[in-house]
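The values are calculated or read from the model by the stated rules, or taken from the named source; none is laboratory data. Owing to the predicted nature of the structure, the values given are computational and were not obtained by experimental measurement. We place every Cβ from the backbone using ideal geometry, glycine too, and count neighbours over all the protein chains shown. Accessible surface areas use protein heavy atoms only, side chains included; no ligands, DNA or RNA. Shrake-Rupley method; radii C 1.70, N 1.55, O 1.52, S 1.80 Å.
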Amino acid sequence: MAPLNFVKLLENSPNEPGLGWSLCFIGEDQSNKLAELTQELRGEFSRTGDGKEILSGFSYWGIAPTIAWDYACNDRFYLVMKQSIESFRPRWNQIYSHNIKDQKYHYVSLGVGTGEKDQFILSLLLKTHPDIFYFPVDMSSEMLRLGVQKATQGSQMKGSHVLPIQIDFSIDTNVKELRKLLDHVLDDNPVLFSLLGNTLANFQQDGDLLKTLSQLLRNGDKLLLEVATTEELSEEASQKAAIEYAKTKSFREFVTSALLQNTDLHIDLNSVFFEGEVESDKALLVKVLYRNLTGNNINVMLPDRSLINFEPEDTIRLLLTRKYVASGITKIISDSNLVLVDNLHTTLEPRIKNGFGMDLLLLAPHTSRTTVKDSLWTPKS
């Protein structure tokens, strides 16, 4: 009887007051992740953010970054995020009606974030598949807790079908283990994966990440990918991209939150710099840097209580992000043995006419019977 009572507890938990119990698969030793973060903060001196760094994933790892990210996403003055969230529902509705609605997909969210977009996705998937399994995946267990609560709010999902997974999905072996877990739970049922919010752009080796994630897809599976876009690659455009992020205080607080949580460095938001450049023929690249402007050496204590010397003009790279040109993201998709099924573009801040936007792409493995719709996304001259 005890196992049945336990299942009932989980099935009703999303819609009941109280703690809202949920299962969570912890896939990694958190002490190893802390050691990895510590090691990256011991990098060499660099004025350009190529020495000491906080790798993607660690920017969101832990309670302080989770709270800071939630605050930034709800900041009405953070227009990029505001428009990205508000425009997502109609874009997803169209992708769903054209390609998804007549099929039953389980859902795997790679990087759950604050959960708003997953809530939109699940609300439609549940219409045709009330017994859907939802696998939110994130490196941060705190982000999982936050995102899952929002994603399942008001839904009729069974709590026992909500299975959060804490892993770093940029690691090849973790992705292979995730696929094994999905095979055990779902057998051969098709899966819709997602990588939303321009998360791909935060990884230094973005192409390698998409190749790694493509291993998750079987015939019949789909990947919903969201990326920020630009119509041109120029020095002027790169500076506009940097300014776009720099003008929001809540975003500055977010990017410094990992330093605040994991070091004893006194944080000065005026020491955060946003530097744009053109990355070959692929994207506008924005580096977010913390620079020592004090003119003095600073001893910074790391999580293992060791000290590093943070010299004047030295930097710690806090975050990477990009805005892709059409040809750039097309090549990354092709190199990952994926094909484009559908794409919807949204122009951000149309009054400014800076050529920036968001694209929601539906991808499939190349081996499936899918035709690449080149006409859906034609690079602008």
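Restricting attention to segment 151-176, the residues that are of a type in the set (Ser, Thr, Tyr), over 15 Å from the mean Cα position of the chain (by Cα) and assigned to a loop (DSSP other than H, G, I, E, B) total 2. Within segment 268-294, the only residue that satisfies the criterion of being of a type in the set (Gly, Ala, Ser) and over 30 Å from Lys331 (Cα atoms) is Ser271.
The residue that is modelled with the lowest pLDDT, counting only those in segment 318-337 that are in a loop (DSSP other than H, G, I, E, B) and open to solvent by 10 Å² or more (accessible area, probe 1.4 Å), is Asn337. Checked against (1) open to solvent by less than 30 Å² (accessible area, probe 1.4 Å); (2) touching a strand residue (DSSP E or B) at 6+ places or on another chain (Cβ under 7 Å), Ser140 passes all but a single condition, namely (2). From the list Asn309, Asn296, the one residue that fits, being in a loop (DSSP other than H, G, I, E, B) and either within 21 Å of Ile243 (Cβ to Cβ) or open to solvent by 10 Å² or more (accessible area, probe 1.4 Å) (or both), is Asn296. Scanning segment 170-206 for residues that are within 16 Å of Ser336 (Cβ to Cβ) and open to solvent by less than 20 Å² (accessible area, probe 1.4 Å) gives Val175, Arg179, Phe193, Ser194, Leu195, Leu200, Ala201, Asp206. Consider segment 237-266 and keep the residues that are of a type in the set (Ser, Thr, Tyr) and over 21 Å from the mean Cα position of the chain (by Cα). The one that is most open to solvent (accessible area, probe 1.4 Å) is Thr263. Is it the case that segment 350-363 has a residue that's open to solvent by 10 Å² or more (accessible area, probe 1.4 Å), modelled with pLDDT of 95 or more and of a type in the set (A, V, I, L, M)? No, segment 350-363 contains no residue that is open to solvent by 10 Å² or more (accessible area, probe 1.4 Å), modelled with pLDDT of 95 or more and of a type in the set (A, V, I, L, M).
Can Leu213 be described as touching a Lys or Arg at 6+ places or on another chain (Cβ under 7 Å), under 25 Å from Asn343 (Cβ atoms) and touching a residue at least 40 places away in the same chain (Cβ under 8 Å)?
Criteria not met by Leu213.
Condition test on Val108, is it hydrophobic (A, V, I, L, M, F, W, C), open to solvent by 10 Å² or more (accessible area, probe 1.4 Å) and outside any loop (DSSP other than H, G, I, E, B)? Considered against the rule, which asks whether it is hydrophobic (A, V, I, L, M, F, W, C), open to solvent by 10 Å² or more (accessible area, probe 1.4 Å) and outside any loop (DSSP other than H, G, I, E, B), Val108 comes out as no.
Listed by first and then second residue, the pairs with beta-carbon distance under 7 Å, at least 6 apart or on different chains, first residue in segment 129-142 and at pLDDT below 95, second among the basic types (Lys, Arg), are His129/Lys104. For segment 202-231, a tally of residues being more than 13 Å from the chain's Cα centre (by Cα) and closer than 17 Å to Lys282 by Cβ returns 8.
Take Asp70 and tell me if it is assigned to a helix (DSSP H, G or I) and either modelled with pLDDT under 90 or surrounded by fewer than 22 Cβ atoms within 10 Å (Cβ to Cβ) (or both). Yes: the conditions hold for Asp70. Please tell me if Thr263 is β-branched (Val, Ile, Thr) and over 16 Å from Trp69 (Cβ atoms). So Thr263 fits the description; yes. Kindly indicate the residue of segment 82-96 that is within 16 Å of the chain's Cα centre (by Cα) and touching a residue at least 60 places away in the same chain (Cβ under 8 Å) and also surrounded by the fewest Cβ atoms within 10 Å (Cβ to Cβ) among those meeting that condition. If we take residues in segment 82-96 being within 16 Å of the chain's Cα centre (by Cα) and touching a residue at least 60 places away in the same chain (Cβ under 8 Å), then Phe88 is surrounded by the fewest Cβ atoms within 10 Å (Cβ to Cβ). Exactly one residue among Leu217, Leu200, Leu233, Leu192 is part of a helix (DSSP H, G or I), modelled with pLDDT of 95 or more and aliphatic (A, V, I, L, M), and that residue is Leu200.
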